[in-house]
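Step one of this worksheet: look at the structure below.
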Amino acid sequence: MTSTDDLLARHKAVLPSWMPLYYAEPLEIVSGSGRHVTCSDGRTYLDFFGGVLTTMVGYDIPEITEAVERQLRTGVAHTSTLYLIRAQVELAEKIARLSGIPDARVFFTNSGTEANEAALLMATNHRRSNQILAVRNSYHGRSYAAMGITGHRGWSSSSLNPLQVSWLHSGDRLRGLLSRLGSDEQVDAAVDDLREVLATQTAGDVAALIAEPVQGVGGFVAGPDGLFGALKKVLDETGILLISDEVQTGWGRTGEHFWGYQAHGVVPDLLTFAKGVGNGFALAGVVGRADVVNNVPAISFSTFGGNPISTAAGNAVVDYVLDNDLQGNAARVGAILRDDLQAQIGDNPIVGEIRGRGLMLAVEFVQPGTTVPDVPATVRVFEACRAGGLLVGKGGLYNNVIRMGPALTLTEEEAREALNILVNAIRETSAA
């Protein structure tokens, strides 16, 4: 028995059965450099999923390592938010400025799930209502309330929910009631849908709409540009807040914008962030209007959120993103990937759609000539990519989408290497 086999057996013996592992033969990643990881089998892979879009600037980045080591050398790894933390204040100042939200306040947490929970706490207190608008095919986390606003049955493990949730249509262009419409018509239909939901499914005093500019777990599905702006006009009529879940879309990943919401001509009342800002260190939070964030009527704090280690890393990450124009790199290299994918396999019979922005790209697989999801084909492509030396993600409502979220430092050469592996995997699968 190899060490990996032994580790897999030990994993199954002590960890929950509902916690999945990728690949028929799971991998143990033991080291990383740049955009590559090396596994316990001795093989090196080009990583196009980055720990679920989390290793945002790559592995073994000296500036981040040095920032964390500098803090560790002080001997202070933790104090809690009951004490002043210089790195936390500095990072909050940067995020408040970058958020685009006037007079913003920042509250740090450990994960995107916690960030969304905190945003819901703020919004429901501000509006004195437990009514929330959410979007079909969405994912917002694994906790009690976050799961309740997740519109994806595969991730909703309980029907119990502390909120009253009403559901809006997603921006899916491949299937669904709005998919057959053009962009302008889809926005108009979404506005009509919002008005009808407010009139028929709510008591009127709704707290907030929470939505992802690009649905992450949902398979990188996004509505037309301007959709959030059109919906916000309706929300503003009665003071309903807009929460933009930027856990996967933030920090320039979409290329065209620093935040996903900026494609919609609107500024949210609250914005949640996580994943990439820590580049692997546990760091997340909420940034929002001061009057909303401050409207929590009892004492609250975070034991570990925004701790000295994670915020030291976060400051280094944000500085690195800005100093090296990683948003521009995401736009440039992402366009190469998307355009070449479209040119090489856009007409392949098992490819239903190629979509995404910047370095947030997806390929959805269907049975030829239909929009029927083809999960077996997706699995074959997924495993063939691994065999070729490329690690990608999976997702989508029907688990028939290959997701790609590589580090924003990805080079053109690495993009073309990955493209070659993925295209060959798709062609081999289609010909089988």
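The values are calculated or read from the model by the stated rules, or taken from the named source; none is laboratory data. Quick caveat, the model's predicted, so the values are computed rather than measured. Here the Cβ is made from the backbone with ideal geometry for all residues, glycine too, and neighbour counts use every protein chain on show.
The table for this structure:
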{"item": "Residue match in region 273-296 (condition: of a type in the set (Phe, Trp, Tyr), in contact with a strand residue (DSSP E or B) (Cβ under 8 Å, 6 or more places away or on another chain) and touching a residue at least 24 places away in the same chain (Cβ under 8 Å))", "result": "yes"}
{"item": "Number of positions in region 127-153 that are at pLDDT 95 or above and either assigned to a strand (DSSP E or B) or charged (D, E, K, R) (or both)", "result": "8"}
{"item": "Any hit, region 78-85, residues being hydroxyl-bearing (Ser, Thr, Tyr), surrounded by 15 or more Cβ atoms within 10 Å (Cβ to Cβ) and assigned to a loop (DSSP other than H, G, I, E, B)", "result": "yes"}
{"item": "Leu8 being of a type in the set (A, V, I, L, M, F, W, C), out of contact with any Gly (no Cβ under 7 Å at 6 or more places or on another chain) and either closer than 18 Å to Val317 by Cα or part of a loop (DSSP other than H, G, I, E, B) (or both)", "result": "no"}
{"item": "Among (1) more than 19 Å from the chain's Cα centre (by Cα); (2) buried (at least 23 other Cβ atoms within 10 Å of the Cβ) - the single one Gly288 does not satisfy", "result": "(1)"}
{"item": "Close pairs from region 225-251: first within 29 Å of Met404 (Cβ to Cβ), partner buried (at least 24 other Cβ atoms within 10 Å of the Cβ) and of a type in the set (S, T, N, Q), Cβ under 7 Å, at least 6 apart", "result": "Ile243/Thr272; Asp245/Asn116; Asp245/Thr272; Glu246/Thr272; Val247/Thr272"}
{"item": "Identity of the residue in region 362-399, outside any loop (DSSP other than H, G, I, E, B) and of a type in the set (Gly, Ala, Ser), that ends up surrounded by the fewest Cβ atoms within 10 Å (Cβ to Cβ)", "result": "Ala387"}
{"item": "Inter-residue pairs, beta-carbon under 6 Å, first modelled with pLDDT of 95 or more and in region 77-92, second outside any helix (DSSP H, G or I), 6+ apart", "result": "His78/Asn307; Gln88/Gly306; Ala92/Val106"}
{"item": "Enumerated strands (runs of 3 or more DSSP E) restricted to region 155-248, each holding at least 1 residues that are within 20 Å of Ala119 (Cβ to Cβ), β-branched (Val, Ile, Thr) and within 20 Å of the chain's Cα centre (by Cα)", "result": "208-211, 241-245"}
{"item": "Failed item in (1) modelled with pLDDT of 95 or more; (2) surrounded by fewer than 19 Cβ atoms within 10 Å (Cβ to Cβ), with Ser156 passing the rest", "result": "(1)"}
{"item": "Lone unmet requirement of (1) assigned to a helix (DSSP H, G or I); (2) closer than 20 Å to Ala211 by Cα; (3) within 22 Å of the chain's Cα centre (by Cα) for Ile101", "result": "(1)"}
{"item": "Residue list for region 61-77, filter: surrounded by 12 or more Cβ atoms within 10 Å (Cβ to Cβ) and farther than 20 Å from Asn279 by Cα", "result": "Val76"}
{"item": "Residues (in contact (Cβ under 8 Å) with a residue 24 or more places away in the chain, farther than 21 Å from Glu383 by Cβ and either of a type in the set (Phe, Trp, Tyr) or in a loop (DSSP other than H, G, I, E, B) (or both)) located in region 11-40", "result": "Trp18"}
